[in-house]
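Below you'll find the structure, written out as structure tokens, and then a few comments.
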Amino acid sequence: MSETPDGVRGPASAESLACEPTRSAFGATRRPALSRRRMLGLGALGLIAVGAAASVAVPILPAFAADYPTWDDVQRAKGNEAAKAAEVTRIQNLIQQLAANVARTQAAAEAAAAEFFAAEEAFFAAAARADDLQAQADAQAAEAAAASTRAGRVASQLYRSGGDDTSLELFFSGSPDGAEDLLGKLGTMDKVLERNRETFAGAVTARNNAQSLSDQAAVARDERDRLKQEAEQKMIASQEAALAAQAALDEQAEYIVVLEAQLAALQDATAQTVAGYQAGVEARRRAEEEARRRAEEEARRRAAEAARQNQNNGGGNASPPGQPSGSGWARPSGGRVTGRYGNRAQICTPGYGCTGYHYGTDMASGWGGGIFAAGSGRVTYAGSYGQFGNQIRVDHGGGITTTYSHCSSLLVGYGTNVSAGQLIAREGDTGLVQGAHLHFEVHQGSSRINPESFMAARGVGI
């Protein structure tokens, strides 16, 4: 995958469109680094609720207390060797502190994200176990009820037959044929009684199994609820760590260019003025803004082109990306589907175990392609999420949440209200993946359901 000077990468290769990592990708993608603008909305967020259950407290403070030099400080120090040496040391220390703070907060964010991922995977597993046990209990209860009905029906028939004196008449008639007929009927009755006893015993066993499984399901639900609370707390901690890491990145990005220019100005023995270095900083900032603007335009162009190609190459049933349907839902990507929900070959990843099930739909339009909110809602998470890299979650209410993973950049922050079809992120290859794509999931309560079926029911073709 190539990358142009303005930061827009070339199209992904044919192999690099799914969630499974290649051997060469492990080292590069295991721990996705945060970058400026991957998470937004820091200072203005303050205290914002995560759903209805919890909140993330974000102190509106710089990453660390620092007294940054002004250009006037640099100008004054430049005329005195002792003052200049002290100012050089001061600036060098500030640059090192900024870098150390970024490294520390990124490491903390990655550790918190890994804990959140593990906690939520444990919750999903516990929820599936509780549902499975309850389904087994319901099946056993149904079997017990059916067996009891069969046994009761036979018992009723035997009771009615017991009120008939035909058998006694045959016994006392002295007729050989009558006696043989009686013996035959008695033999048949014995067989019926034996089968009925077996049926009744089966009903008792099924009823006992149903009760045992129901008790186990209740215990499993308690464990599921406990793990849900734990996962929610881990999500809060992970979001706080992500915001702290972003604050450190933002502070570094805000000051590093100026500090480096000030350091160069102090160390420059030529006649170049401080004002010249200051002007260079402003020129660099303008160039960076222009590069970002071009990258955004290129990403939008490529997303639109990918959507057109998807329509022309067998994706005729796909809805246009970012355009809400009549039901208020929108296709989250203009890329083609490269991985579907359901069973797949067993995939094992270092540190995350093995899975043979894919809980989302993969769509690929190329690195930097647009990712759009599938529906209106509130961003409840924006940060790293284990092997899924950078992720955004949107709570749509009614127990429905959508997730958008492997993003290269996150364009909305935690607590943001988004509308269906709104651009919220850029496609990327963060996490354990073969290449740039969107991994899109739909959560309904404690279950991860088929995104294509969910969206199709709302008039949106994936």
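Where a number appears in this text, it was derived from the coordinates with a stated rule and is not lab data. Keep in mind that what you see is a predicted model, and the values were worked out from it rather than measured. Positions of Cβ are generated from backbone atoms using ideal geometry, with glycine treated the same way; all protein chains shown enter the neighbour counts.
Observations, loosely collected:
- Segment 371-457 - percent relative contact order, Cα under 8 Å, separation 6 or more: 30
- Each residue in Glu289, Glu240, Glu427, Glu441 was given a count of other beta-carbon atoms within 10 angstrom of its own, and listing them fewest first yields Glu289, Glu240, Glu441, Glu427.
- Electrostatic tally near Ile236: other residues with Cβ closer than 12 Å to its Cβ, Lys and Arg +1, Asp and Glu -1, net -3.
- Here the gap between Ala111 and Asn343, fully extended at 0.36 nm per residue and compared with their Cα-Cα distance, gives a gain of 80.6 nm.
- Coil-residue trypsin sites (Lys or Arg not before Pro) of segment 62-145, DSSP, other Cβ within 10 Å capped at 16: none
- Shape index of segment 79-148: Rg/Rh, with Rg the Cα radius of gyration and Rh the Kirkwood radius from the inverse mean 1/r over Cα pairs, equals 1.70.
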